[in-house]
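The block underneath contains the structure these notes are about, expressed in structure tokens.
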Amino acid sequence: MWWPVLIRKLFKFESAHIVRGCSTRRCSHSIHGHSYKVELLLEAHALDNGQMVYDFGLLKGHVRDLIDAFDHALALWSGDEPDYLSSMRQHSERWVLLPVSPSAEQFSRLFFRLVDAVLTLTEMANGEAQVRLHSVIVHETETGYAQCFREDAHNPRMGCIDLDAIVFSPAITQNWHQPDLMACIKRGQALPPLMDPST
């Protein structure tokens, strides 16, 4: 049996949230922030024309845009109090509205769904061989992280992450390489391979 080759790409962002319903009052009743680290682990059983699983430069396009969307942004849960949600969106230019509470566990599931959608819809142009997202690790602190695998991302017992229910503020989407990226993902529209021009 052949095991896949794994590669890992690390992203970082600063974000704020409230996690309602958790055990600690500080976490559930006060807006607070974290220095997040997101690790994407990709796998393949064969290598591309450059003898790589996937060119890291390709992750600097749509994937980086989606993760960077959370930098200096408020992560809001659509199930929170309407007055709170309205006030936060009124007083913050950068926000993301999510169908699940923005815990590290749900962030790992959310990023799995988003990145997996981008990889699935991206036209592979350099001989990439069935590249798949293996797992996503979200570090909320230096000592704690959550890891999501494919079966976790789609587990209804952990809450439904409907891509149609994710909303990024206009201040975020206008800075993307492709401002209608989420609309393309929701329609299942093919995405061209996109590499940051600076690479």
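The values are calculated or read from the model by the stated rules, or taken from the named source; none is laboratory data. The model shown is predicted, which means the values in this text are computed figures rather than measured ones. Backbone-built Cβ (ideal geometry, glycine too); neighbour counts: all protein chains shown.
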Can you go through Glu151, Glu140 and tell me which one is under 14 Å from the mean Cα position of the chain (by Cα), farther than 18 Å from Asp55 by Cα and among the charged types (D, E, K, R)? Glu140
Note on region 12-38: residues surrounded by 12 or more Cβ atoms within 10 Å (Cβ to Cβ) and hydroxyl-bearing (Ser, Thr, Tyr) are Ser15, Ser28, Ser35, Tyr36
Could we say that Val53 is over 14 Å from Val138 (Cα atoms), in contact with a Phe, Trp or Tyr (Cβ under 8 Å, 6 or more places away or on another chain) and surrounded by 15 or more Cβ atoms within 10 Å (Cβ to Cβ) here? no
So, restricting to strands (runs of 3 or more DSSP E) that lie completely within region 28-121, which ones have at least 1 residues that are of a type in the set (Asp, Glu) and touching a residue at least 40 places away in the same chain (Cβ under 8 Å)? 32-44
Can you pull out every residue in region 173-195 that is under 15 Å from Thr122 (Cβ atoms), surrounded by fewer than 14 Cβ atoms within 10 Å (Cβ to Cβ) and of a type outside the set (A, V, I, L, M, F, W, C)? Arg187, Gly188, Gln189, Pro192
Inside region 34-60, can you point out the residues that are in contact with a His (Cβ under 9 Å, 6 or more places away or on another chain) and either among the hydroxyl-bearing types (Ser, Thr, Tyr) or modelled with pLDDT under 95 (or both)? Ser35, Tyr36
Unique residue being among the aromatic types (Phe, Trp, Tyr), in contact with a strand residue (DSSP E or B) (Cβ under 6 Å, 6 or more places away or on another chain), closer than 30 Å to Ser30 by Cβ and at pLDDT 95 or above when the list is Phe112, Phe149: Phe112
Inspect all residues belonging to region 12-19 and state whether any of them is out of contact with any Pro (no Cβ under 9 Å at 6 or more places or on another chain) and over 21 Å from Ser101 (Cβ atoms). yes
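Tell me yes or no: at least one residue of region 160-172 is β-branched (Val, Ile, Thr), assigned to a loop (DSSP other than H, G, I, E, B) and surrounded by 14 or more Cβ atoms within 10 Å (Cβ to Cβ).
Yes, some residue in region 160-172 is β-branched (Val, Ile, Thr), assigned to a loop (DSSP other than H, G, I, E, B) and surrounded by 14 or more Cβ atoms within 10 Å (Cβ to Cβ).
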Can you pull out the residues in region 102-133 that are of a type outside the set (A, V, I, L, M, F, W, C) and within 14 Å of the chain's Cα centre (by Cα)? Pro102, Ser103, Glu105, Gln106, Ser108, Arg109, Arg113, Asp116
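Listed here are the residues, each with its yes/no results for (1) more than 21 Å from Cys160 (Cα to Cα); (2) of a type in the set (Phe, Trp, Tyr).
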| site | (1), (2) |
| --- | --- |
| Glu43 | yes, no |
| Asp48 | yes, no |
| Tyr54 | yes, yes |
| Ala73 | yes, no |
| Leu85 | no, no |
| Trp95 | no, yes |
| Val100 | no, no |
| Phe107 | no, yes |
Go through (1) at pLDDT 95 or above; (2) assigned to a loop (DSSP other than H, G, I, E, B) one by one and return the number of the condition Thr141 breaks. (1)
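Here is a yes/no grid of residues against (1) of a type in the set (A, V, I, L, M, F, W, C); (2) on the phi > 0 side of the Ramachandran plot; (3) surrounded by 23 or more Cβ atoms within 10 Å (Cβ to Cβ):
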site: Ser103; (1), (2), (3): no, no, no
site: Phe107; (1), (2), (3): yes, no, yes
site: Phe111; (1), (2), (3): yes, no, yes
site: Ala117; (1), (2), (3): yes, no, no
site: Thr120; (1), (2), (3): no, no, no
site: Glu123; (1), (2), (3): no, no, no
site: Ala129; (1), (2), (3): yes, no, no
site: His134; (1), (2), (3): no, no, no
site: Glu140; (1), (2), (3): no, no, no
